[in-house]
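*Asks:* Here you go, one structure.
Please treat every number below as a calculation from the coordinates, not as lab data. Just so we're clear, the structure is a prediction, and the values are computed from it rather than from any experiment. Cβ placement follows ideal geometry from the backbone for every residue including glycine, while neighbour counts extend to all protein chains displayed.
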Amino acid sequence: MSLGEVEVAVSPQEKFREFLQTKGLRMTRERVTIVEQVFSSHEHFEAEQLIQQLADQNVSRSTVYRTLKHLEEAGLIRKVARQDARDVFEHDYGYPQHDHLICKKCGELIEFQQELIAQVLDEVARKHGFRMEGHRLEVYGMCDACCRPPKTRPKKLNLL
């Protein structure tokens, strides 16, 4: 399911350039390459996957990890919590507010939007005089495929 995109005033690359300037850093060729790759499609990804995708671009592993950290600080990407402790990233900039269902068995991430959740959180925040800037909901359980019984029965000898 695609959640679409949110219209933004500046490109992710320009927003990142502005962020780097506030830190006294430059937008290097390697950083441009990384930002272009990350924002070329909206897929959840791990740092190692990104490193493999950039293998022929002469971008070092350490540059990828440092740039991902900066992209996260800049609010362009965010980590999605996983049961297996691997860092999985997704776009946060130019993508609508959404939540995740995360399968504890296979690790599948299912994105969804539910306006009622946002309404309940707004009401709770208002009740407590809290100024909410956003929310993050990650629900853990098992996906449909992992809940299905196996298609084949184990052989009797394997049960001993």
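*Asks:* Pop out the ³J(HN,Hα) list for the stretch 29-34 in order, Karplus 6.51 cos²θ - 1.76 cosθ + 1.60 with θ = phi - 60°, rounded to Hz; leave Gly and Pro as x.
*Replies:* Each residue's phi maps through the Karplus curve to give 4, 5, 5, 4, 4, 5 Hz.
*Asks:* So, counting K/R as plus one and D/E as minus one, what does the shell of residues with Cβ under 13 Å around M132 add up to?
*Replies:* +1
*Asks:* With springs connecting C-alpha atoms under 10 Å apart, model the chain as a Gaussian network and identify which of L50, L76, L137 has the largest mean-square fluctuation.
*Replies:* In this elastic network of the chain, the residue with the biggest mean-square fluctuation among L50, L76, L137 is L137.
*Asks:* Follow-up. For the stretch 43-49, in order, what is each residue's ³J(HN,Hα) by Karplus, 6.51 cos²θ - 1.76 cosθ + 1.60 with θ = phi - 60°, in whole Hz (x at glycine and Pro)?
*Replies:* So the Karplus estimates, Gly and Pro as x, are 10, 5, 8, 9, 4, 5, 5 Hz.
*Asks:* Distance check, please: which entries in K69/K105; K15/K104; K79/K104; K79/K127 exceed 26 angstrom between their Cα atoms?
*Replies:* Checking Cα-Cα distances, K69/K105; K15/K104; K79/K127 exceed 26 Å.
*Asks:* For the stretch 33-109, run through the GluC sites (Glu not before Pro) and keep only the ones in DSSP coil with at most 16 other Cβ atoms within 10 Å of their Cβ.
*Replies:* E43, E108
*Asks:* Within 9 Å, Cβ to Cβ, of E72, how many net charges do the neighbouring residues add up to if Lys/Arg are +1 and Asp/Glu are -1?
*Replies:* Once positives and negatives cancel, what remains is +1.
*Asks:* So if I take the centroid of the Cα atoms in the stretch 124-143 and the same for the stretch 60-105, what is the distance between those two points in Å?
*Replies:* 18 Å
*Asks:* Could you give the longest part of the chain that holds none of the trypsin sites (Lys or Arg not before Pro) found in DSSP loops with at most 13 neighbouring Cβ atoms within 10 Å?
*Replies:* Free of exposed loop sites, the longest segment is 27-85.
*Asks:* Using a Förster distance of 30 angstrom, determine the FRET efficiency expected from the C-beta separation of E36 and H135, and round it to 0.05.
*Replies:* 0.55
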